[in-house]
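Remarks on the structure that follows.
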Ligand SMILES: [Zn+2]
């Protein structure tokens, strides 16, 4: 909890102040890429998740870090023995700069199709300027990118035998998305979630924002949906959110069960929901 809170406030600190840079180092520190489970590989930095999902017909990248990490991501993909030219789809859990600022550069490198949820399209195409909270914060803006395709809640993304199902989990942003997929390994089928955890950035009012009047209802729906999800493996937008560095150290052997943590996911969703309900009560009491 403490770690989660620390990173949530870290995120906000970075997004909300022009003094972005110092804290950023922990986020973007180089981290050795590794195979997580089946066809899912970590190619992110120390804290900013980037998932490479490989298939015989090309690959998918979920999240692209801040702008400077694009080269690092590319180097990690190649180090694992895959080619950047084979990346066919670029997508993201949400359109804040720490997850999508590298997407324009990665699109240039790969010519991949950029796909996000319908409500997130404007955010990526405006380079963050249309964000209901950080739209006026210069340090939270990034290179805009043209979105080639959008998807709806539950509309499957298929590539080379892998099916990725997007789940719209709005609140943190209007089009925040979690993804699920099944991975078969050693006669087991693992239900994997790349979750967008519904944290609340300071300065956000859950009773309603001028640019996002339905934010409170969206958070409530997201918590309900996430508590109901049947998953085995929990991954998320930040390594800190699913305690990746407690579960894996560089050099550890490949172990498909390493990230199985349905209880951890549920507990985290419940903690975030509690924080939301407390904030809602406080705002209403004013
Ligand atoms: Zn965010």
Expected output is a single nm value to one decimal: the length gained when fully extending between residue 126 and residue 34, i.e. 0.36 nm times separation in residues minus the C-alpha distance. What is it?
29.8 nm
Checked the stretch 108-152 with the C-alpha gyration tensor, a ≥ b ≥ c its square-rooted eigenvalues, rounded below a/c of 1.5, otherwise prolate if a/b is larger than b/c and oblate if not; verdict oblate
For 230, 274, 107, what ranking results if the residue with the fewest other Cβ atoms within 10 Å of its Cβ goes first?
230, 274, 107
For 61, 224, order by how many other beta-carbon atoms lie within 10 Å, fewest first:
224, 61
Distance in nm between residue 26 and residue 149 label points, each 7 Å along Cα→Cβ, equals 3.8
Mean Cβ-within-10 Å packing, highest first, puts peptides 41-51, 141-151 in the order 41-51, 141-151
Distance in nm between residue 57 and residue 191 label points, each 7 Å along Cα→Cβ, equals 2.6
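Once a ≥ b ≥ c are taken as the square roots of the eigenvalues of the Cα gyration tensor of the stretch 192-235, is the result rounded (a/c under 1.5), prolate (a/b larger than b/c) or oblate (a/b not larger than b/c)? Write out the running numbers ahead of the final one.
Details: a/c = 3.75, a/b = 2.18, b/c = 1.72.
Verdict is prolate for the stretch 192-235.
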Which angle from 0 to 90°, rounded to the nearest 10, does the C-alpha axis of helix 2-16 make with the longest principal axis of the chain?
80
Per-residue ellipticity at 222 nm attributable to helices in the chain (runs of n ≥ 4 DSSP H, -39500 (n - 2.57) apiece, nearest 500 deg cm²/dmol) works out to -9000 deg cm²/dmol
Length-normalised contact order of the stretch 165-221, Cα under 8 Å, at least 6 apart, in percent, tallies to 33
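For the stretch 2-285, what is the relative contact order in percent, using Cα pairs closer than 8 Å and at least 6 residues apart in sequence? Before the final figure, lay out the partial values.
Working: 576 pairs, mean separation 44.4, N = 284.
Averaging sequence separation for qualifying contacts and normalising by length gives 16 percent for the stretch 2-285.
At a 10 Å Cβ-Cβ cut-off, how would you order 120, 278, fewest neighbours first? Please list the in-between numbers first.
Values: 120 27, 278 10.
In increasing order of surrounding Cβ atoms, one gets 278, 120.
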Counting only DSSP beta bridges with both residues in the stretch 2-285, tell me the antiparallel percent, nearest 5.
65
Does anyone have the angle between helix 215-227 and the longest principal axis of the chain? Alpha-carbon axes, 0 to 90°, nearest 10?
40
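For an R0 of 22 angstrom, estimate the FRET efficiency from the Cβ-Cβ distance between residue 224 and residue 248 and round to the nearest 0.05. Mind showing how you got there, number by number?
Values: r = 31 Å, r/R0 = 1.39.
Using R0 = 22 Å, I get an efficiency of 0.10.
Coordinate-derived values only; no laboratory data. Since the model is a prediction, treat every value here as computed from it, not as a measurement. Neighbour counts are summed over all protein chains in view; Cβ atoms, including those assigned to glycine, are modelled from backbone coordinates with ideal geometry.
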